[in-house]
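Below: the structure, in structure tokens.
The values are calculated or read from the model by the stated rules, or taken from the named source; none is laboratory data. Because the structure is predicted, anything quoted here is derived from the model rather than measured. Backbone-built Cβ (ideal geometry, glycine too); neighbour counts: all protein chains shown. Calculation scope for accessible area: heavy atoms of the full protein, side chains included, ligands and nucleic acids excluded. Shrake-Rupley method; radii C 1.70, N 1.55, O 1.52, S 1.80 Å.
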Amino acid sequence: MSSVTSQHFALLLLCSWAVGGSYSLTLTMGTGNSFGRVFRISTWGESHGGGVGVVLDGCPPRIPITREEVQVDLDRRRPGQSRITTPRNEADAVEIMSGLTPDNITLGTPIAMLVRNKDQRSQDYLSNDMSVAYRPSHADATYDAKYGVRAIAGGGRSSARETIGRVAAGAIARKILKMYNGIEVLAYVSKVQDIAATNVDEDNFTMEDVDSNIVRCPDAEAAKLMLERIDEIRKAGNSIGGVVTCVARNVPAGLGAPVFDKLEADLAKACMSIPAAKGFESGDGFDGTLLSGKEHNDEFYIDPKTGATRTKTNRSGGIQGGITNGENVVVHVAFKPTSTIGQAQATVTRDGLAVELRGKGRHDPCVLPRAVPMVEAMVALTLADHLMMQEAQCNLFPNEDALEDQPNPMGTTAEREDGPKHSVAATASSAPLSQRVDEE
């Protein structure tokens with residue numbers, strides 16, 4: 001009862017009596033620690049505590065998943081991978097505590113996963129000015145303002161170490177998506193400051209392409225320039241930001257919802273919840289504002305092989321009206337420079353004294369390479385959640401209308417049962433179809 005005030009409790013009682021005279025109250029895990037509706041995660045733990053982890057609820061039963069499959073994604077996220085990531089030395093070995101049979105089949109019950117912290121150095125925070133002074137642009141000050149107390153060592157819940165639980169659960173979501181429709185979720189570093197990757201085939205790049213260099217950019221020439229820039233900034237005791245692009249392939253048409261639960265709205269919340277994320281774009285995003293409607297619209301055509309409805313371009317990023325259209329789902333997430341740096345900065349102490357602070361501890365000069373699996377995880381979790389909601393609402397009863405009365409199949413993996421319809425040849429007198437539109 002501690003998570004609701006007496007006024008809130010009275011209001012809940014009043015509302016429940018008004019609609020039926022009975023009362024029931026469901027309290028979920030504390031504010032801001034859970035994500036998803038049907039496929040739902042709750043993460044827990046602090047950066048310098050005993051460990052961090054996740055409880056995944058709503059996972060379908062009979063899914064084969066091994067600890068090693070989860071570990072693959074955690075290894076891509078873990079610290080100490082290269083000179084451009086934090087040198088904190090953690091194996092991030094996952095322990096699956098519940099939800100699986102002895103032969104690694106999901107039971108449909110909550111899956112709890114734990115990673116123990118091994119190499120935390122709290123003295124880097126507690127034995128100097130960082131114990132009382134707020135790091136500029138870090139969550140130190142705002143956590144203190146909200147709670148009146150904070151986990152000083154490692155930043156507590158504001159640390160990127162919290163994302164271990166997301167990535168672990170995201171590995172299971174990735175497996176479900178692959179089994180359902182061959183869905184792939186792959187991200188890469190597309191920009192470091194003003195250095196952009198321009199030679200990436202978003203239909204065909206692989207995880208091996210992404211992981212072929214420590215920047216995690218599949219454009220080799222751009223990756224070289226990005227690495228030089230990160231090294232330059234790192235040696236100066238500073239940090240740098242950029243953009244991660246994520247592509248989800250083979251996503252079927254129909255995932256998402258109108259109005260408040262649009263898929264891109266949930267993807268935005270998912271990706272913007274990652275530490276250091278400061279911007280989100282779906283498809284062409286802000287660049288689309290520079291185009292006219294004629295230039296920006298993704299014109300439809302019929303795939304000559306499958307007969308499915310497709311789009312000639314993908315400026316919408318695979319989502320129209322908040323619902324997937326069967327093309328690649330493409331999002332871009334902007335990450336700010338790491339706030340803890342080795343240069344002196346003006347700040348204040350907890351009791352209001354102006355001081356100068358130089359950051360200590362082990363921190364990423366650039367979060368982008370390790371953000372790649374974090375973005376993949378949040379996109380996979382969101383897609384798995386929407387997939388399960390789609391199956392529950394729209395596929396509970398099959399559409400048994402005659403084929404000619406159903407909408408033409410749509411997207412990269414769809415096929416028309418009897419093949420493409422034969423187009424009617426245009427004549428010299430033919431004119432474009434005219435449609436009266438009267439929208440607000």
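Roughly speaking, what is the stretch gain from Lys312 to Asp103, that is 0.36 nm per residue apart minus the C-alpha to C-alpha distance, in nm to one decimal?
Full-extension gain reported as 70.7 nm.
Please go through the residue pairs Lys191/Lys269; Lys118/Lys191; Lys269/Lys305; Lys235/Lys278; Lys191/Lys360; Lys118/Lys235 and name each one whose alpha carbons sit more than 31 Å apart in this structure.
As for pairs spanning more than 31 Å Cα to Cα, those are Lys118/Lys191; Lys269/Lys305.
Under a point spin-label approximation (7 Å from Cα along Cα-to-Cβ), what is the Asn181-Ser273 distance to one decimal in nm?
According to this spin-label approximation, the distance is 2.3 nm.
Each residue of segment 382-393 in turn: what ³J(HN,Hα) in whole Hz from Karplus with 6.51, -1.76, 1.60 and θ = phi - 60°, glycine and Pro shown as x?
Working through the residues one at a time gives 5, 5, 5, 5, 5, 4, 5, 5, 5, 4, 5, 8 Hz.
Counting only protein chains, not ligands or nucleic acids, how are Phe39, Phe286, Phe300, Phe397 ordered by accessible area (probe 1.4 Å), most first? Intermediate results must be reported in sequence, preceding the final value.
Details: Phe39 5, Phe286 140, Phe300 115, Phe397 160 Å².
Largest accessible area first, the list is Phe397, Phe286, Phe300, Phe39.
Between Ser137 and Arg358, what is the label-point separation in nm under the 7 Å Cα-to-beta-carbon projection?
Each label point lies 7 Å from its Cα, and together they span 2.0 nm.
Check which residues have an amide H placed less than 5 Å from Val355's amide H, if you skip close sequence neighbours.
Under 5 Å from the amide H of Val355: Thr347, Val348, Thr349.
What FRET efficiency comes out for the pair Thr206/Val348, r = Cβ-Cβ distance, R0 = 45 Å, nearest 0.05?
With a Förster radius of 45 Å, E is 0.40.
Order these peptides, 250-260, 180-190, by their mean beta-carbon neighbour count within 10 angstrom, highest first. Let's see the in-between values first.
Numbers: 250-260: 18.4, 180-190: 21.5.
Answer by packing, highest mean first, reads 180-190, 250-260.
What FRET efficiency do you get for Glu440 and Arg62 if R0 is 45 Å and r is their Cβ-Cβ distance, rounded to the nearest 0.05? Mind dumping the intermediate values first?
On the way: r = 47 Å, r/R0 = 1.05.
The pair Glu440/Arg62 has a calculated efficiency of 0.45.
Please compute the per residue accessible area over segment 158-231 with all protein chains in place, 1.4 Å probe, rounded to a whole number of Å². Don't jump to the answer; show the numbers that get you there.
On the way: 3020 Å² over 74 residues.
On a per-residue basis, 41 Å².
Whenever you get a sec, compute what percent of the accessible area on segment 281-358 sits on carbon and sulfur atoms (1.4 Å probe).
Roughly 54 percent, rounded to a whole number.
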